[in-house]
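K.L.:
I have a structure I would like to understand better, so I am pasting it below and will then ask my questions one at a time.
Each value in this text was obtained by applying a stated rule to the coordinates, not by laboratory testing. The model shown is predicted, which means the values in this text are computed figures rather than measured ones. Note that we place each Cβ from the backbone using ideal geometry, even for glycine, and neighbour counts take in every protein chain shown.
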Amino acid sequence: AQFPRGMGRKVIPYGWVEAAASPEQQAAPGTWIRLGADIASDGGDEFVIARAEGFAIRLVHRSSGAANVDPVAVAGVITQATREACELRDRVGDEQLVHVKIDASGLGWGVAGLVKRQVEEMQLPARVFGVRGEDKPHDETQFRNARSEIAWSMRRLMRPHEGWGKIKLVDAPTRLIAQYQAPHYSTDSAGRIVVEKKRDMKARGVGSPDLADACSLAVYEPADSGPASVERAPATKIPLRPTDIAQGAGATVIPLGPTRR
């Protein structure tokens, strides 16, 4: 397909996303590791986890199917991804806590609570945040809600001008690139930016941007994260892998790209 590269009322032009696509790369020493998880609201969308290594973002889990409706199974998958992120944190010698941002709308609210409890029980060097699109943004004078601020923050980080263009989408599938240029934006009566809701996108025949939302969450810091967004934690040994964490059995795992030989 030939996607338009102009701006229009799209949050991020296709050309900017295409330029952010990057081949496989390794996390640099001291890189801050973070996760973003977009939850399938009713089992019909995709459940996606993205990991940010600094500003390089890669998809680490995609699945669809009935298993995504089970909050315990979904929480188990996110907890396992958090454990792996903490292991990577130790390997690169980073001292910051791994921040895990979970879409807490609908089913995600319970999932975020389960993951937080599991992470605490495992004593992982991580913090878990439930993020809802309707939450308050950092800047209430410029954005109506957190969803709008999350999307606009990614726009700024992808902008290939004025010293930005920081984001690298590692081994990005074509679907991810297309999803980033799908949402529209408008302004409200107060002049604040309002990014289109998922349900409005679906109403005009556009699929849910699950991959893009997970990647954006990975680099976004919630307004209530405060100083903890740069909190330093002592070097922590990752505990032994528990045997009772749900693994999301029954989900259909979607390949993230060609396997390396």
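K.L.:
So which trypsin sites (Lys or Arg not before Pro) in the range 10-105 are both in a DSSP loop and have at most 16 other Cβ atoms within 10 Å of their Cβ?
P.N.:
none
K.L.:
Here's another thing I want to ask about it. Among Gln80, Ser64, Gln96, pick out the residue whose Cα is farthest towards the positive end of the charge dipole of the range 35-101, where Lys and Arg carry +1 and Asp and Glu carry -1 on C-beta, about the Cα centre.
P.N.:
Working it through, the farthest residue towards the positive pole turns out to be Gln96.
K.L.:
Related question: In nm, to one decimal, how far is the Val206 label point from the Val194 one, both placed 7 Å along Cα→Cβ?
P.N.:
Calculated label separation equals 1.5 nm.
K.L.:
Each residue of the range 131-145 in turn: what ³J(HN,Hα) in whole Hz from Karplus with 6.51, -1.76, 1.60 and θ = phi - 60°, glycine and Pro shown as x?
P.N.:
10, 10, x, 8, 4, 6, x, 4, 10, 6, 7, 10, 10, 6, 8
K.L.:
Give, as a single signed number, the net charge of other residues whose beta carbon lies under 11 Å from the beta carbon of Lys202, with Lys and Arg counted +1 and Asp and Glu -1.
P.N.:
+1
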